[in-house]
Amino acid sequence: MKYYAVIDTNVLVSALFSAESVPGKVAFEALEGCIIPLINDEIIAEYNDVLYRRKFHFEWSAVKLLIDTIIKRGLPVDAGPVSDFIPDPKDVVFYAVVMEQRKSDDAYLVTGNSKHFPTKTFVVTPREMLDIIEENK
């Protein structure tokens, strides 16, 4: 089964710190598994801006591979308008893309910061996303 999901940047940061972590397993599913990443230019720009920050000390080749693979496997989605309140303007695009995809398919927003988004069943933590995948195997 395939799952459409917007992967919040904080999940990828955690995944790069530890591939064996729950966020690391979600990233693996987005790179080689059953998650189809939902992307657009603004999301990719955010990934580039955050993941290449020197403060994280990530291997740049690992960041490039991660982003390139997400682009390769990803489904481009234009962000539509959002009527829900999103506290951080940088997070609006993640919510807008998932809402746009939900017009035609089930889709999830996977985030480590659920409080930054409205309480919805499709806004899930990395653990919840893995549980959803496991339930349907």
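The values are calculated or read from the model by the stated rules, or taken from the named source; none is laboratory data. Since this is a predicted model, take the numbers as computed values, not measurements. Backbone-built Cβ (ideal geometry, glycine too); neighbour counts: all protein chains shown. Each accessible area value is taken on the protein alone, full model and side chains, heavy atoms only, with ligands, DNA and RNA left out. Shrake-Rupley method; radii C 1.70, N 1.55, O 1.52, S 1.80 Å.
Hey, if we sort SER83, SER18 by accessible area with the 1.4 Å probe, largest down, what's the order?
SER83, SER18
What nm distance separates the two modelled labels at LEU75 and MET1, each placed 7 Å from Cα along Cα→Cβ?
Placing both labels 7 Å along Cα→Cβ, they lie 1.5 nm apart.
Summing -39500 (n - 2.57) over the DSSP H runs of n ≥ 4 in the chain and dividing by its residue number, what mean residue ellipticity at 222 nm do you reach, to the nearest 500 deg cm²/dmol?
-14500 deg cm²/dmol
Where q = 0.12, 0.13, 0.14, 0.22 Å⁻¹, what log10 of I(q)/I(0) comes from the Debye formula for segment 8-137, counting one point per Cα?
-0.42, -0.50, -0.58, -1.55
On a 1.4 Å probe surface of the protein chains, which of ASP41, ASP105 comes out largest in accessible area, and what is the full order?
The residues order as ASP41, ASP105, largest area first.
Would you list which lysines come within 21 Å of LYS25, measuring only between C-alpha atoms, while excluding same-chain residues fewer than 8 positions from it?
Reachable lysines: LYS2, LYS64, LYS72, LYS137.
Loop sites only, by DSSP: take the GluC sites (Glu not before Pro) in the chain that have at most 12 other C-beta atoms within 10 Å and name the longest stretch containing none of them.
60-137
Can you run phi through the Karplus equation (6.51, -1.76, 1.60; θ = phi - 60°) for segment 38-54 and list ³J(HN,Hα) in whole Hz, with x for Gly and Pro?
Coupling constants for segment 38-54: 9, 9, 8, 4, 5, 5, 5, 4, 5, 4, 4, 4, 7, 5, 8, 4, 4 Hz.
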